[in-house]
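The values are calculated or read from the model by the stated rules, or taken from the named source; none is laboratory data. Just so it is clear, the structure is predicted and the values come from calculations on it, not from any experiment. Methodologically, a virtual Cβ is constructed for each residue, glycine included, from the backbone with ideal geometry; neighbour enumeration extends over all protein chains shown.
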């Protein structure tokens, strides 16, 4: 069903990344690890300065004061002076941005960084001579105190980049991500609205009847993961064998995460290209995936079952899918109230708990309508978005009528 409405758009400059796999030599990898250690050390010092500080109190140093303290520390300690000042200053800059996000109530308070988890650093003031192409599949990037490091050039490096971030995942893989401003994915202009229902068994159900599943580990890989986890439980802490088993587990987990991210990117791009408006449930994924273990005074119930549900939700990529959709289709993603969308009949609008016959089957007790439960919920989400579009028109939104034999079409503003 096509509708006519005007979508207000207030989109800032969205920053995207083009990530490539680094191929450092052993000596370069040691230098990169040293940069990561310096960035982690400076970050943790900034966290320590704010550990006893609470909002509303004065005394916490800002970015300028922390840079002055860093200069004094580099003059006093030779091992810190041997590192890159760019890496260390940008760690402070990242911390200042993290605190700003915390005050803006969009992120949690910055926490301590641990070795081997979230390793990385940022380089700014990148010039055109700092990135070069060696062949069709090989490129090089110049990193301070390290030199030219090769990376796998899987696609063209975006032009005009001014910064990049080097990261190391738990599997020991190095990546370089160039910051760039991506262009929004253009919509088809047909006025078609799609409802998206997210679930555990079915990762994404569309109002068109399509059921999409986020890929995970294959059966053989799952069996190998179980064997490795048993080995890890028997290995002595601090032993070489335990380190090898942890590396093997991290490699499997990284493979699963790569597949999920690839699926999210392809799915979000396809939805942005096929539909002018994508309606999704306004789910608080972070709150939904919190642990249920409770406290010593008030221990939680069914903690292991809740932990398994949390892993399934996070493995379906709920949050990342909507986030990437909003990046690629700014102003065309609507969040709707999820209340009763899974219990409402899309035909007669009857709401009853008995309508949900099972996880996959929806059978209305009033009119007998039968459908896939996830698809029925996606259709309800789509209808809520359509009703909201008509409400915008009633308040004076722009309406442009189509031909006489067609319904009014959805008119979208252009996005620069």
Legend entry - Candidates 68, 40, 57, 21 - the one that is at pLDDT 85 or above and more than 27 Å from the chain's Cα centre (by Cα): 68
Legend entry - Residue in segment 394-411 that is modelled with pLDDT under 90, within 31 Å of the chain's Cα centre (by Cα) and part of a loop (DSSP other than H, G, I, E, B) present: yes
Inset, instruction - Give segment 206-244 a look and list any residue that's under 17 Å from residue 320 (Cβ atoms) and touching a residue at least 12 places away in the same chain (Cβ under 8 Å), or say none. - result: 212, 214, 215, 216
Inset, instruction - Keeping to segment 171-182, report how many residues are over 18 Å from the mean Cα position of the chain (by Cα), on the phi < 0 side of the Ramachandran plot and assigned to a loop (DSSP other than H, G, I, E, B). - result: 2
Legend entry - Some residue of segment 147-156 being buried (at least 16 other Cβ atoms within 10 Å of the Cβ), farther than 26 Å from residue 277 by Cβ and out of contact with any strand residue (DSSP E or B) (no Cβ under 6 Å at 6 or more places or on another chain): no
Inset, instruction - Say whether the condition of being in contact with a helix residue (DSSP H, G or I) (Cβ under 9 Å, 6 or more places away or on another chain) and over 30 Å from residue 329 (Cα atoms) is met by at least one residue in segment 275-291. - result: yes
Inset, instruction - Within segment 343-361, count every residue that is buried (at least 18 other Cβ atoms within 10 Å of the Cβ) and within 28 Å of residue 272 (Cα to Cα). - result: 4
Inset, instruction - Return only the number of the condition from (1) surrounded by fewer than 17 Cβ atoms within 10 Å (Cβ to Cβ); (2) at pLDDT below 90; (3) more than 20 Å from residue 311 (Cβ to Cβ) that residue 200 does not satisfy. - result: (3)
Inset, instruction - Only helices (runs of 4 or more DSSP H) wholly contained in segment 209-298 count here; list those with 3 or more residues that are surrounded by 12 or more Cβ atoms within 10 Å (Cβ to Cβ). - result: 219-234, 240-274
Legend entry - Test: residue 28 is in the same structural domain as residue 153 (by TED's automatic domain parsing), at pLDDT 95 or above, touching a strand residue (DSSP E or B) at 6+ places or on another chain (Cβ under 6 Å) and surrounded by 14 or more Cβ atoms within 10 Å (Cβ to Cβ): yes
